[in-house]
Amino acid sequence: MEATEILQEIAGQVSACEKCNLHYSRKHAVPGEGPVNARLLFIGEGPGFNENEMGRPFVGQAGKFLDELLDFAGFKREEVFITNVVKCRPPENRDPLPDELNACAAYLDKQIETINPDVIVTLGRFSMAKFLPNVRISDVHGKPAWVNERLIVPMYHPAAALHQPSLKNSVIADFKALPNAITEGQNKKLFMLEQQKQEEDKSAADSAEQLSLF
Ligand code: SF4
C-alpha cells in the first residue's frame, strides 16, 4: 500500500475510533494533516475547541501562532505534517489521561513510521514525554536529542506560550533557532557515527595485530 493510502487509512480509523472515552465528547476527530513526504513532523497535545469543530489540527489562536512560529523557522505549514498525541478533544481542554494516551499511541506510531520524518518537533509536555520521559520541558526546550534513531526537538506548546507571556519570547527564540538545532543534531549524529567507525577500525586493527603474533 502507498504511504498516502496508509495515512488515509489511519485517518479513516481515527474518525471511527472508539478505543477511549474521548470519542463520546468529540465532534470531529483530528487525525492530522500535511504532506506524506514531510521532513518535519510536529506533534502537539490534542485538539482544542476549534480543531474539534473543524477536524483539522492547530486552526485556532494557537494554530495562527504556530504559523507565525513556522515562519520564524523558515518553514511553511504546507511543508510540514502536524498532528497530536490524542486525536480527539479532551473535554474542557483538560490534559489527556494515561489510558487515553495509550489507546491513541498506535495511530501516531503508524503515522511516524509512514511519514518517516527527518525531525520530530514535539509541542508541549505530553508529546515530549513520548520520546523524552523524565525530563522537564523548561530544561530541554529547543535542544535536539536523538531517540531511537530519530532527531527530536522539544518545544513549548504554542498555546502555553500564548497564555504565559513569559514563555512567548522563549518559544519564538526556539523556533528561530530550529534550523540550527536541526543542523546541530545532525552534526552530532555524524560525529557519533564517525567515532563509532574509528573504534570499530581500531578494534579490527588490534585483532589483526594479535593474529599476526601467532
Ligand atoms: S483519542 Fe484516539 S484512541 Fe481515543 S477515541 Fe480518539 S482516536 Fe480513538
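Inspection of region 169-176 finds a residue satisfying the criterion of being assigned to a helix (DSSP H, G or I), more than 19 Å from residue 131 (Cβ to Cβ) and among the hydrophobic types (A, V, I, L, M, F, W, C).
Summed over region 18-53, residues that are outside any loop (DSSP other than H, G, I, E, B) and within 16 Å of residue 99 (Cβ to Cβ) total 4.
Check residue 85 against each of (1) closer than 28 Å to residue 7 by Cα; (2) at pLDDT below 95 and name the one condition it does not meet. Of (1) closer than 28 Å to residue 7 by Cα; (2) at pLDDT below 95, only one is false for residue 85: (2).
Restrict the check to region 121-139 and report whether at least one residue is part of a loop (DSSP other than H, G, I, E, B), touching a Ser or Thr at 6+ places or on another chain (Cβ under 9 Å) and either at pLDDT 95 or above or away from the ligand (no atom under 16 Å from the Cβ) (or both). Yes, region 121-139 has at least one match. Filtered by the rule that a residue be hydrophobic (A, V, I, L, M, F, W, C), within 10 Å of the ligand (Cβ to nearest atom) and surrounded by 14 or more Cβ atoms within 10 Å (Cβ to Cβ), region 12-49 gives 14, 17, 20, 22, 29, 30. Taken over region 54-70, the criterion of being touching a residue at least 12 places away in the same chain (Cβ under 8 Å) and outside any helix (DSSP H, G or I) is satisfied by 55, 56, 57, 58, 60. Take region 80-111 and flag every residue that is within 19 Å of residue 148 (Cα to Cα), buried (at least 19 other Cβ atoms within 10 Å of the Cβ) and of a type outside the set (Phe, Trp, Tyr). Answer for region 80-111, where residues must be within 19 Å of residue 148 (Cα to Cα), buried (at least 19 other Cβ atoms within 10 Å of the Cβ) and of a type outside the set (Phe, Trp, Tyr): 85, 108, 111.
Residues in region 71-82 that are in a loop (DSSP other than H, G, I, E, B) and among the β-branched types (Val, Ile, Thr): 1 in all. When the residues of region 1-11 are filtered to those that are of a type outside the set (Val, Ile, Thr) and surrounded by 13 or more Cβ atoms within 10 Å (Cβ to Cβ), the one that is nearest to the ligand (Cβ to nearest atom) is 11.
When the criteria are applied in full, residue 92 fails the requirement of being under 30 Å from residue 25 (Cβ atoms), more than 16 Å from the ligand (Cβ to nearest atom), out of contact with any strand residue (DSSP E or B) (no Cβ under 7 Å at 6 or more places or on another chain) and of a type in the set (Asp, Glu).
The values are calculated or read from the model by the stated rules, or taken from the named source; none is laboratory data. Since this is a predicted model, take the numbers as computed values, not measurements. Because the Cβ atoms are built from the backbone with ideal geometry, glycine has one as well, and the counts that use them run over all protein chains shown.
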